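Engineer: Have a look at this one before I ask anything.
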Amino acid sequence: MASVEEIKANVAASVDGAQRAVTGIQQVNDQLDEALTRLRITAIGSLHPSVAAAIAQLEQARTRLDEAATLTRAAMDSADTYRTVV
């Protein structure tokens, strides 16, 4: 069985990994923002359903990334709480 210090170290490593994931999510989110901006500018005046669908799908992807980042931060907080209790 793992010692308390090993458990704390493993939880800390998990939190660090989750933080790196959040950073990656934020970078991808920024890239999606750029893609959305370019697509919107390019599509000004176009009423084509394909462009509208692409914009809606990119917005949905961005929303889901925001949700993933929020859930990951909540998990990190819970793990940190566990680490202080152990």
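The values are calculated or read from the model by the stated rules, or taken from the named source; none is laboratory data. Just so you know, these numbers come straight off a predicted model, no measurement behind them. Please note: Cβ atoms are built from the backbone with ideal geometry, for glycine as well, and neighbour counts cover all protein chains shown. Just so you know, the surface numbers come from the protein's heavy atoms only, side chains and all, with ligands and any DNA or RNA stripped out. Shrake-Rupley method; radii C 1.70, N 1.55, O 1.52, S 1.80 Å.
Engineer: On a 0 to 90 degree scale, rounded to 10, what angle separates helix 49-85 from the longest Cα axis of the chain?
Structural biologist: Approximately 10 degrees, to the nearest 10.
Engineer: With axes computed from alpha carbons, what is the tilt in degrees of helix 4-42 against the longest principal axis of the chain, rounded to the nearest 10 within 0 to 90?
Structural biologist: Between helix and principal axis, roughly 10 degrees.
Engineer: Moving on to the next point. In terms of solvent-accessible area of protein heavy atoms at a 1.4 angstrom probe, what is the ranking of T72, T42, T37, highest value first?
Structural biologist: T42, T37, T72
Engineer: With a 1.4 Å probe and every protein chain left in place, work out the accessible area per residue of the chain in Å², rounded to a whole number.
Structural biologist: 70
Engineer: Toward the positive end of the charge dipole of the chain, about the Cα centre and with charges on Cβ (Lys, Arg +1; Asp, Glu -1), which of I55, V86, A68 goes farthest?
Structural biologist: It is I55.
Engineer: Hey, another quick one. Rounded to a whole number, what % of the accessible area of the chain do carbon and sulfur atoms account for, probe 1.4 Å?
Structural biologist: 58
Engineer: I've got another one for you. With a Cα-only, solvent-free Debye model of the chain, what are the log10 I(q)/I(0) values at q = 0.12, 0.20, 0.23, 0.24 Å⁻¹?
Structural biologist: The calculated log intensity ratios at q = 0.12, 0.20, 0.23, 0.24 Å⁻¹ are -0.52, -0.88, -1.02, -1.06.
Engineer: Near Q27, within a Cβ-to-Cβ distance under 14 Å, what is the net charge of the other residues, with Lys and Arg +1 and Asp and Glu -1?
Structural biologist: -2
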